[in-house]
Amino acid sequence: MKNSICPKILIIFAWISFFMATALSVCPLTEASNKEDTLNRPKIGLVLGGGGARGAAHVGVLKVLEEYNVPIDYVVGTSMGSIVGGLYAAGMSPQEMEAIFNLVPWNDLFSDRPPEVLLPFRHKEDNQRLMAFELGVKDGKIVLPKGFIPGQKLGFLLQKLTLNVADIDNFDELPIPFRAVSADLATGEAVVHDHGSLNEAMRASMSIPGVFTPIEIDGRVLVDGGIVNNVPIEIARQIGADVIIAIDVGTPLSKVEDLKDMLDVTMQMIGILT
């Protein structure tokens, strides 16, 4: 994973560092005043936008923030930003996240089929010649799946990574208060997750339409929040942030020759919508 940070982000860090240094020079911290000054300082919200695999760059941002001792009071994330932000809010360090992201077999994770090494020889041959696609039958009619990837393996991984906060229902009670944003497929409305299962909220926020099967929470069918609010700055403001650091890892639309598969096309569509 590359640790390079774009100039725009460095400017933000420099401004925040100057802001905090100025505040501390006016009110020097002592052991007795440390708690009071912490309560009185402006609350900083971190907003992590969606961006597919590029969202992993958020880990580098977190590392720089910690290097500059920038305190984070609230975290809000969409899509991949909700994964990185949710894990950070749950207490995972950027270094731990980086190690996990480097070890995770992503190609296997984004498929709910058994690893190829475990398949019989004939099935391996079929995989090389045929495209696997599951269909269902209901009332005598063929039913297409709601997503190419059910996302069970991804769900299990997120559940495992958030076991330390599995008993927390209110996201304000996490080590850092957190919000994830998804989209209601029926209404097109943005859904802000502030309670419930953290791993389910993260999974809903990155359910790319057509790629991952939508997830149902509280009777609502939810998909990737990037299609309605890819960088939800106003959510951070609503929950109490005075200063907001917003990280947008989105990129310009791809050229036609770069749209090589279904995921590329879907991400292009989300880019157009946002």
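Taking the criterion of being out of contact with any strand residue (DSSP E or B) (no Cβ under 7 Å at 6 or more places or on another chain), closer than 19 Å to VAL243 by Cα and assigned to a helix (DSSP H, G or I), the residues of region 64-81 that qualify are VAL64, LEU65, GLU66, GLU67.
When residues in region 148-166 are screened for being over 12 Å from ARG203 (Cβ atoms) and outside any helix (DSSP H, G or I), 2 of them pass.
Restricting to region 197-207, what's the tally of residues that are surrounded by fewer than 24 Cβ atoms within 10 Å (Cβ to Cβ) and either part of a loop (DSSP other than H, G, I, E, B) or among the small types (Gly, Ala, Ser) (or both)? Count: 1. Assess whether VAL84 counts as being modelled with pLDDT of 95 or more and part of a helix (DSSP H, G or I). So VAL84 passes the test.
Filter region 149-166 for residues that are surrounded by fewer than 15 Cβ atoms within 10 Å (Cβ to Cβ) and farther than 20 Å from GLU98 by Cα; which is modelled with the lowest pLDDT? It comes out as GLN152.
Quick check, is ILE5 surrounded by 16 or more Cβ atoms within 10 Å (Cβ to Cβ), β-branched (Val, Ile, Thr), in a loop (DSSP other than H, G, I, E, B) and modelled with pLDDT of 75 or more? Against the criterion (surrounded by 16 or more Cβ atoms within 10 Å (Cβ to Cβ), β-branched (Val, Ile, Thr), in a loop (DSSP other than H, G, I, E, B) and modelled with pLDDT of 75 or more), ILE5 does not qualify.
Of everything in region 167-196 that is of a type in the set (Val, Ile, Thr), in a loop (DSSP other than H, G, I, E, B) and touching a residue at least 12 places away in the same chain (Cβ under 8 Å), the residue that is surrounded by the fewest Cβ atoms within 10 Å (Cβ to Cβ) is ILE168.
The values are calculated or read from the model by the stated rules, or taken from the named source; none is laboratory data. None of these values were measured; they are calculated from a predicted model. FYI the Cβ positions are ideal-geometry reconstructions off the backbone, even for glycines, and counts take in every protein chain you see.
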